[in-house]
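Report on one structure; see the data block that follows.
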Amino acid sequence: MKRNSRKITIACVLALALMSFVLSSCKKSDKPRTEKVIEQKDASDYLKSGKSKIKASDFAGAIADFSKAIELQPKNPSFYQTRGAAKSKMKDFPGALVDFTKAIELKPKNPSAYQFRGTILSKMKDYLGAIQDFSAALALNAKADRCYFGRGHAKDMLRDFQGALEDFSKAIEFNKEFELAYRSRGLVKIKLKQKESGCSDLSKASELGDKIAPKLLKKFCK
């Protein structure tokens, strides 16, 4: 009898221990899992972030964000254009040229892309290419004053002074407060032996706040 009683006691202890373990496991499993959720960004998030970084002059960071956006949407022309603008700020003109060209390839009737690429080509001293792009931008109704000015500058560099004069005049026609256009037109007029009219343009540029015009007035208009 004693042996049977001892066996029953041991069995009860083991049963109670097992029940305690099961209850403890259930309580642990009832606790909610706190897994870390990683928020996925989409292309528009990277675009927004990149534009904010451009405003903060973090151009390298902006380029990284725009590159992420391109990975997600490789057929979106605006992503290439914004990345090209950031590269331009970092004076990576060859890189900017590639991006603006890709933007045009994806959206051929994109006036601002032609305008930006024309500016880059001018900085790279490809003035004929710049003239073609500014002309294409104007044909697509791009911002006229900047395009006429850019084309005029390219013509000036190619010593087409009469063509430059006409484009600078067009730029001023669209923007009466365009001090750089007045300065550039004044210098072209002086090259064309129109000193009095050229000096008048330099004076106007100075009045509008151009900081280089006063020095040019002293040099050419004494």
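Of the conditions (1) aliphatic (A, V, I, L, M); (2) more than 18 Å from Gln132 (Cβ to Cβ); (3) modelled with pLDDT of 95 or more; (4) open to solvent by 80 Å² or more (accessible area, probe 1.4 Å), Val37 satisfies every one except a single condition; which number is it?
Just one mismatch for Val37, condition (3).
Any chance you could count how many residues in segment 43-55 are open to solvent by 40 Å² or more (accessible area, probe 1.4 Å) and hydrophobic (A, V, I, L, M, F, W, C)? Give the derivation first.
Of segment 43-55, the ones open to solvent by 40 Å² or more (accessible area, probe 1.4 Å) are 44-46, 48, 51-55.
Subset that is hydrophobic (A, V, I, L, M, F, W, C): 54.
Here the count works out to 1.
The conditions are (1) at pLDDT 95 or above; (2) farther than 25 Å from Thr119 by Cβ, and Asp42 fails exactly one of them. Which is it?
(1)
Check Phe149, Phe93 and return the single one that is in contact with a Lys or Arg (Cβ under 6 Å, 6 or more places away or on another chain), touching a residue at least 24 places away in the same chain (Cβ under 8 Å) and on the phi < 0 side of the Ramachandran plot. Explain how you work it out, then say what you get.
Details: Phe149 fails: in contact with a Lys or Arg (Cβ under 6 Å, 6 or more places away or on another chain).
Going through Phe149, Phe93 in turn, just one is in contact with a Lys or Arg (Cβ under 6 Å, 6 or more places away or on another chain), touching a residue at least 24 places away in the same chain (Cβ under 8 Å) and on the phi < 0 side of the Ramachandran plot: Phe93.
Answer with yes or no whether Leu158 is farther than 29 Å from Gly50 by Cα and open to solvent by 40 Å² or more (accessible area, probe 1.4 Å). Steps first, please.
Values: farther than 29 Å from Gly50 by Cα: yes; open to solvent by 40 Å² or more (accessible area, probe 1.4 Å): yes.
Yes: the conditions hold for Leu158.
Which residues, counting only those in segment 173-222, are open to solvent by 70 Å² or more (accessible area, probe 1.4 Å) and within 31 Å of the chain's Cα centre (by Cα)?
Glu173, Phe174, Lys176, Glu177, Lys211, Ile212
Does segment 118-134 hold any residues that are part of a helix (DSSP H, G or I), open to solvent by 40 Å² or more (accessible area, probe 1.4 Å) and either without any contact (Cβ under 8 Å) to a residue 24 or more places away in the chain or touching a Lys or Arg at 6+ places or on another chain (Cβ under 7 Å) (or both), and which are they?
Of everything in segment 118-134, just one residue is part of a helix (DSSP H, G or I), open to solvent by 40 Å² or more (accessible area, probe 1.4 Å) and either without any contact (Cβ under 8 Å) to a residue 24 or more places away in the chain or touching a Lys or Arg at 6+ places or on another chain (Cβ under 7 Å) (or both), namely Gln132.
List the helices (runs of 4 or more DSSP H) inside segment 160-222, counting only whole elements, that have at least 2 residues being free of Cβ contacts under 8 Å to residues at least 12 places away in the same chain and over 21 Å from Cys147 (Cα atoms).
Working: elements: 161-174, 179-191, 195-207, 213-220.
Result: 195-207, 213-220.
Here are some conditions: (1) assigned to a helix (DSSP H, G or I); (2) over 18 Å from the mean Cα position of the chain (by Cα). Asn141 meets all but one. Which one does it not meet?
(1)
Scan (1) of a type outside the set (Val, Ile, Thr); (2) within 20 Å of Leu138 (Cβ to Cβ); (3) in a loop (DSSP other than H, G, I, E, B) for the single condition Ala113 breaks and write down its number.
(3)
The values are calculated or read from the model by the stated rules, or taken from the named source; none is laboratory data. All values derive from a computational prediction rather than experimental measurement. Here the Cβ is made from the backbone with ideal geometry for all residues, glycine too, and neighbour counts use every protein chain on show. Just the protein is used for accessible areas: all its heavy atoms, side chains included, with ligands, DNA and RNA removed. Shrake-Rupley method; radii C 1.70, N 1.55, O 1.52, S 1.80 Å.
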